[in-house]
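Nothing in this text is a laboratory measurement; each read-out follows from the coordinates by a stated rule. Since this is a predicted model, take the numbers as computed values, not measurements. As a convention, Cβ positions derive from the backbone with ideal geometry for all residues, glycine included, and neighbour counts pool all protein chains shown.
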């Protein structure tokens, strides 16, 4: 199977309700992460790097920041004569709370696309995966459906996680929805990336609608009986963001060289909307330890275990530890912040003190003035 | 048909820039990296775009590959539109023969066709080796107001340095009456910045005349401008205030980079556009110490930085110390290496505990010390010592005992 025969189909609002503050003014897909990225950059880059030329992003609400970020798709090389990025707002003004009706609502777009296969994908997963391997796996096994999974602990935000019982040859024996998830117990967690033939997808969606079966997870569960369902393991680094804590933990994971080397593989770069920021400037009074810092920043204070996004200013005498600071925020002089997630364009005035905790980082909303 | 443009900019980017030594051995001078993520040409190009100039011709001749690739379709500078564009103009073969560009004026003369396509009123001539931010519109307004044939931007330089520059002597109203190239006893401190605005009709006439003149070196400064002056054309000096620096030598290139770290210097990098490497934000490790430095995306810093400019994708190993240096993209500085007052070109590896350059004992005595330059794709071995002021070639390997 050639990857240019695959349509990418990303849900922009995966688990929006699990990160309510971060996603209050935007979709999950456009949540800022890792200093200069938005969540969807990873999936769009994966698709683009794997030769997928046509990507649709299903958006339900609050998608202005998403549109602003992905634009025409040119940052991902998805805006060419033979490649395309389309944002799919609710068709006919109708929104649905289940995937079956949502996908059916987009049938006009899906059927119009010339690709034979669809890769459905969530927007809350940070990973660097070569989908051409998945396509090869799918064709080699003559699979009808391939579910991509990771083996690991299921993040706490997944209320109805899908786990898989897999035979030696990779075929899925059984699909479990919402299994008992013991803490610190590894599961084969299918996080929502699915490769399927387009016609089969639409046929199953229509059948499901006629049976009034609106739960896509049940649909996947039932498909094991009638179809060749295979499971492909994503063995790489894979963070599924399902809570503020997951979000925090992922950002902190970036301090590990192994994680950075894997996620930001120069052969499969992660693309993002370009901003012309100057290199970051460290002043004479700066003290920075174990931190990720994007361009366009001016750092005059002390920063430790932080992810600092584009265009952030950290004043003299400021002490930041364990913070995630999003773009263009200004942190005044002699401030003291610990375990704080600070959204875009926030102003922390001189001398302020904010303390969260390891297990409960506090969140400061976009454009706030503290 | 190409729509008319009031102004066309022509950027002279063909010179060898031999005074930059190994840095321009395989690279045209305007493509030399600057300021942590830029190349020199980003400054005049961004100035053009920010001044609303939509047609830019870049005259290339010497080692144009990297420069051509970098300019590409002009997208980073918004010069890829329906009504805007940038073109790299190399010497070409025509019916009546083929010639290299024999001088700055000749380069423009050979591209009269390019300029005429836009049917412009004015032509801006720029150099590709200056660092400054300028609104050419203001200069153009001045040019129109004075009804000049030619306007030359000038900057006030200290009297003791004036003999290094081309000095323009003017009447009180700014009209030029004399050119004084590197005068021993300067009469004024108005140094030419190498930025000219011409009314196109006049320029075309003088370029054509110059081309048929025997013995002409076809240079703006030496031939065309003096010819215009002696013919009595109205020529004015436009005073520019702000940061401007010629970065044609190793010392001045180093100084201009260091100026970015000086809070007293007025140059900011806002609205300077460039191609951006697709790299993640940089990482500063626990043991790193960074003071007064610029760091770009994709770097991993485990060592110490002081007064330095670090380009994208650079790795600074543990206990390595970088002081007052410029480290270009992709360089790896291994553990314990010590780089001082140096420029290290792209993708070079500095081995463990190597010593590159040295901090001068007395910085004020400018004749007594110099910058060490390490070429691109070079490997400096473990414990090697590279003396101050030396220049190491591109693509070489230097082991410890070789010096």
So for the pair residue A:267, residue B:121, with labels modelled 7 Å out along Cα→Cβ, what separation do we get in nm?
-> 5.7
Go ahead and collect, in residue order, the members of segment A:36-77 whose backbone nitrogen is under 20 Å from a label point 7 Å along the Cα-Cβ direction of residue A:97.
-> A:59-63
Cα long-axis angle, helix B:136-145 against chain B (0 to 90 degrees, to the nearest 10) | 20
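Given 0.36 nm per residue, what is the gain on full extension from residue A:197 to residue A:360 after removing their alpha carbon distance, in nm?
54.4 nm
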Separation between Cα centres of segment A:60-115 and segment B:275-291, rounded to whole Å = 35
Ellipticity estimate at 222 nm from DSSP helix runs (n ≥ 4, -39,500 (n - 2.57)) divided over the protein assembly as shown, nearest 500 | -5500 deg cm²/dmol
Arranged by the count of other C-beta atoms within 10 angstrom, fewest first, what order do A:159, A:165 take?
-> A:159, A:165
Nearest 10 degrees, 0 to 90: helix A:244-253 Cα axis against chain A principal axis | 70
Square roots of five times the Cα gyration tensor eigenvalues for the protein assembly as shown, Å | 54, 32, 24
For chain A, what's the radius of gyration and Dmax over Cα atoms, in angstrom?
-> 21.2, 68
Once you average over the residues of B:293-302, how many Cβ atoms of partner chains fall within 10 Å of each Cβ?
-> 5
When ranked by the protection proxy of mean other Cβ atoms within 10 Å per residue, highest first, what sequence do the peptides A:337-343, B:70-76 form?
-> A:337-343, B:70-76
Can you put A:297, A:333 in order, fewest other beta carbons within 10 Å first?
-> A:333, A:297
Quick calc: nm separation of the 7 Å Cα→Cβ label points for residue B:214 and residue A:370 -> 8.1
Would you mind pulling out the separation of the Cα centroids of segment B:356-371 and segment B:31-86, in Å?
-> 34
1/(1 + (r/R0)^6) with r = Cβ-Cβ of residue B:255 and residue A:353, R0 = 51 Å, i.e. FRET efficiency to nearest 0.05, evaluates to 0.75
Suppose R0 equals 25 Å; then what is the FRET efficiency for residue A:243 and residue B:275 from their Cβ-Cβ distance, rounded to the nearest 0.05?
-> 0.10
Longest principal axis of chain B (C-alpha) makes with the long axis of helix B:250-259 (C-alpha) an angle, in degrees to the nearest 10, of 80
For each of B:283, A:99, A:109, count neighbouring Cβ atoms within 10 Å of the residue's Cβ, then give the residues from fewest to most.
-> A:109, A:99, B:283
What ranking, highest mean first, results for peptides A:190-198, B:164-172 when packing means the other Cβ atoms within 10 Å averaged over each residue?
-> A:190-198, B:164-172
Over the whole of A:291-298, what's the average partner chain Cβ count within 10 Å per residue? Rounded to a whole number, please.
-> 5
If the viscosity is 0.692 mPa s and the temperature 37 °C, what translational diffusion coefficient in µm²/s does Stokes-Einstein give for segment A:281-364 when Rh comes from Kirkwood over Cα pairs?
-> 274
For residue A:133 and residue A:167, calculate 0.36 nm times their separation in residues minus their Cα-Cα distance, and state this gained length in nm to one decimal.
-> 10.3 nm
FRET efficiency for residue B:169 and residue B:400, Cβ-Cβ distance as r, R0 = 41 Å, nearest 0.05?
-> 0.15
